[in-house]
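Visitor: Sharing a structure with you now.
The values are calculated or read from the model by the stated rules, or taken from the named source; none is laboratory data. On a predicted model such as this, the values are computed, not experimentally measured, just so you know. All Cβ positions, even for glycine, are placed from backbone atoms using ideal geometry, and neighbour counts span all protein chains on display. Each accessible area value is taken on the protein alone, full model and side chains, heavy atoms only, with ligands, DNA and RNA left out. Shrake-Rupley method; radii C 1.70, N 1.55, O 1.52, S 1.80 Å.
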Amino acid sequence: MDTAARIYAVALSGLLKQQVIVDNRPGAAGAIGAQAVAKSPADGYTVLMASPAEVMVSPIAGQALPYDPQKDLAPVALGGETPLAIVAYPQAAPKGLQDLIARAKAQDLKLSYGTPGNGSSMHFAGEAFKSATGLNWQHVPYKGAAPAVNDVLGGQIECVISGLPPLMQHIKAGKLTALAVTSSRRVASLPDVPSISEFPGLADSRFTNWMGIFVPQGTPQDVIDHLARAVESASADPGVAQRLQDAGWDPTVLRGSAFVNFLNDERARYTAVAKRTGIKVD
């Protein structure tokens, strides 16, 4: 997100004739930064670039937030998406995802998968996969992707679900086996890795990390439209698009009703998984 935000900031500074400054506010799964924007003046000068966590996943998972994402933030545009990946240490799944599922069921194996945190998008993807396959698959939450990756490399857990950036070097080096990407189609950087939609019955396990641009509720509509057009123009620049792709992002922009519909679809998917699996952040 930080890399994408900085790529957009440079492009938007030129398009808006106004310097765009990236101000990271880490903590509480992004809630601290989102609250700062939600409580800012609704004048278009303070903008939130959010992942699903700050505006959707956390409240659906039961996390108490100091703001209401749907009431306090207004959607501007989708800035891009990046898939998650299901990876395993090679000895756990030498013949791919379908073989892992079949072998685990036949031998009644108890498997474990790590994610960067309880109630994360990765946790939702893992529980949707577990529900669809009927695997005895135990979630192991970590404080970030790095310790989860370290444990799967060491064989302490069989699988990890994470965004692609912390996994790519290990996949390319053959230290981890990429079983699937959780997007609706394969990704250019891993053309031999199937998408989750290619496996029968697993279409509902499609989850991505996405970056959404939001402003405080009450921001004038003409300001929102102006910002949305600028984001769209930035992503259409070949240089910007290439930098985003190099960072692992699909720079497809949605604005207006298309972005609202996207958010509604995502919210429905996460809500359905939460109800079906009982995901809850303590």
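Visitor: Is it the case that some residue within segment 7-27 is aromatic (Phe, Trp, Tyr), open to solvent by less than 10 Å² (accessible area, probe 1.4 Å) and either at pLDDT 90 or above or within 30 Å of residue 133 (Cβ to Cβ) (or both)?
Guide: yes
Visitor: Only one of 153, 135, 97 is touching a residue at least 12 places away in the same chain (Cβ under 8 Å), surrounded by 20 or more Cβ atoms within 10 Å (Cβ to Cβ) and either hydrophobic (A, V, I, L, M, F, W, C) or within 20 Å of residue 194 (Cα to Cα) (or both). Can you tell me which?
Guide: Unique residue meeting the criteria: 97.
Visitor: One residue is enough: does segment 203-211 have a residue meeting the conditions modelled with pLDDT of 90 or more and part of a loop (DSSP other than H, G, I, E, B)?
Guide: no
Visitor: Considering only residues of segment 218-277 that are among the acidic types (Asp, Glu) and at pLDDT 95 or above, which is nearest to residue 75 (Cα to Cα)?
Guide: That would be 225.
Visitor: For segment 168-181, give me each residue that is open to solvent by less than 10 Å² (accessible area, probe 1.4 Å) and either assigned to a strand (DSSP E or B) or at pLDDT below 90 (or both).
Guide: 179, 180, 181
Visitor: Please enumerate the residues belonging to segment 198-231 that are surrounded by fewer than 18 Cβ atoms within 10 Å (Cβ to Cβ) and on the phi < 0 side of the Ramachandran plot.
Guide: Of everything in segment 198-231, those that are surrounded by fewer than 18 Cβ atoms within 10 Å (Cβ to Cβ) and on the phi < 0 side of the Ramachandran plot turn out to be 198, 200, 203, 204, 217, 220, 221, 222, 223, 225, 226, 229.
Visitor: Filter segment 235-263 down to the residues that are outside any helix (DSSP H, G or I) and either among the aliphatic types (A, V, I, L, M) or more than 18 Å from the chain's Cα centre (by Cα) (or both) and list them by number.
Guide: Hits for segment 235-263 are 237, 247, 253, 254, 255, 256.
Visitor: Determine if segment 109-126 includes at least one residue that is in contact (Cβ under 8 Å) with a residue 24 or more places away in the chain, closer than 22 Å to residue 170 by Cα and of a type in the set (Lys, Arg).
Guide: no
Visitor: Also, quick follow-up: Quick one: which residue in 65, 111 is surrounded by fewer than 21 Cβ atoms within 10 Å (Cβ to Cβ), touching a helix residue (DSSP H, G or I) at 6+ places or on another chain (Cβ under 9 Å) and farther than 19 Å from residue 155 by Cα?
Guide: Of the residues listed, the single one that is surrounded by fewer than 21 Cβ atoms within 10 Å (Cβ to Cβ), touching a helix residue (DSSP H, G or I) at 6+ places or on another chain (Cβ under 9 Å) and farther than 19 Å from residue 155 by Cα is 65.
Visitor: Oh, and also: Can you name the residue in segment 182-197 that is in contact with a helix residue (DSSP H, G or I) (Cβ under 6 Å, 6 or more places away or on another chain) and crowded, with 19+ Cβ neighbours inside 10 Å and, of all such residues, is farthest from residue 244 (Cα to Cα)?
Guide: So the residue we want is 196.
Visitor: If you check 144, 212, 163, which single one turns out to be within 18 Å of the chain's Cα centre (by Cα) and free of Cβ contacts under 8 Å to residues at least 60 places away in the same chain?
Guide: Of 144, 212, 163, the one residue that is within 18 Å of the chain's Cα centre (by Cα) and free of Cβ contacts under 8 Å to residues at least 60 places away in the same chain is 144.
Residues checked against (1) hydroxyl-bearing (Ser, Thr, Tyr); (2) part of a helix (DSSP H, G or I); (3) surrounded by fewer than 18 Cβ atoms within 10 Å (Cβ to Cβ):
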| site | (1), (2), (3) |
| --- | --- |
| 31 | no, yes, no |
| 41 | no, no, yes |
| 45 | yes, no, yes |
| 78 | no, no, no |
